[in-house]
1. What is the spin-label model distance, in nm, from V133 to N236 if the labels are put 7 Å beyond Cα along the C-beta direction?
2. How would you order 226-233, 170-177 from highest to lowest mean count of nearby Cβ atoms within 10 Å?
3. With each label point set 7 Å from Cα along the Cα-Cβ vector, what nm distance links K184 and L44?
4. Full extension from N177 to K221: what is 0.36 nm times the residue separation minus their Cα-Cα distance, to one decimal in nm?
5. Express the relative contact order of region 113-251 as a whole percentage, based on alpha carbon pairs under 8 Å and six or more residues apart in sequence.
6. Mind checking the full-extension length gain between K156 and D169? Use 0.36 nm per residue of separation minus the Cα-Cα distance, one decimal, nm.
7. Assigning unit charges at the beta carbon (Lys, Arg +1; Asp, Glu -1) and nothing else, what dipole magnitude in debye, to the nearest 20, does region 37-240 show about its Cα centre?
8. Indicate the gyration tensor shape class of region 37-240 (rounded, prolate or oblate), computed on the Cα atoms with a ≥ b ≥ c the square roots of the eigenvalues: a/c under 1.5 is rounded; otherwise a/b larger than b/c is prolate and the rest oblate.
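Read-outs throughout are calculated quantities, based only on the coordinates presented, and are distinct from any laboratory measurement. Note that the structure is predicted; figures quoted are calculated from it, not measured. Don't worry about glycine lacking a Cβ; one is built from the backbone with ideal geometry, like all the others, and counts go over all protein chains shown.
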Amino acid sequence: MKKKYFIYSVSALLLAGVVTGCKKFLDVNQNLNNPTPESVGLPLVLSAAERNISQNLALGSGLGNTMAVYTHQQTGRVGADRYGAGSSGWEGLYSALSNLNVIIKRAPLENRFVYAGIAKILKAYTVSMMVDVWGDIPYSEYDKFAEGIAQPKFDKGSEIYPKLIALIDEGIADINNPAFNTSKPGTDDYIYKGNTANWIKAANTIKLKMYTQVRLVQDVKAQVTALLAAPATLINSQAESFMMPYGVILT
């Protein structure tokens, strides 16, 4: 009897060890290369978004590749001359918008208002470029996949533009928010290295650009006049240029 009890006890211990071992083994089977929006630091998200935007607007890639052909900046390529050549820019810019949305959502909760402001300005700029190229695009529903919207509607470009102007104003307000920031962008901001004064100048200059885009179909004289009346609030020098450097820049 004691022998049977001993055998049962050992069997139970072995079974418990196997179950525990399996649990630990299966726990390791997690994809560490598939982070969630909450698990990645905002500096990395901002860097990724800025890189995506610049990469898809630059000559030789994304939208820039197609535009370069028609402005004779480079030799035509088969892919660029086919219908649907803009698909890479489309996908890349929407990918950047997804990253910017993560910042816009998380930054205020983490008391990182400058991050939120920069993300809103970048989002407005990116979407405005997409409207300029494609016209009507998904905007109000493009980020609703988790809510069951797999095929977002196309919003009219004329309805999107006013929302982008408002988004830029929100971004400026976030940057000027006097509340304490737990951290601010630095080298993770490839464009201005966290220089908030330059970001505000860029925001106002982007607004001016957008107003000139719609001047023939909308009376924006008052808005343009107001911006031009305060030239110090606009980009005024090469050092303030809204651009992303690649490699070493010689001046």
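1. 3.3
2. On the way: 226-233: 11.8, 170-177: 18.4.
Ranking, from highest mean packing down: 170-177, 226-233.
3. My value for the distance between the label points is 2.5 nm.
4. Numbers: separation 44, 0.36 × 44 = 15.84 nm, distance 2.90 nm.
The N177-K221 span can extend by a further 12.9 nm.
5. On the way: 133 pairs, mean separation 34.8, N = 139.
Over region 113-251, the number comes to 25 percent.
6. Numbers: separation 13, 0.36 × 13 = 4.68 nm, distance 2.10 nm.
Stretched out fully, the K156 to D169 stretch lengthens by 2.6 nm.
7. Values: 19 positive and 19 negative charges, 62 e Å.
In total the dipole reaches around 300 debye.
8. rounded
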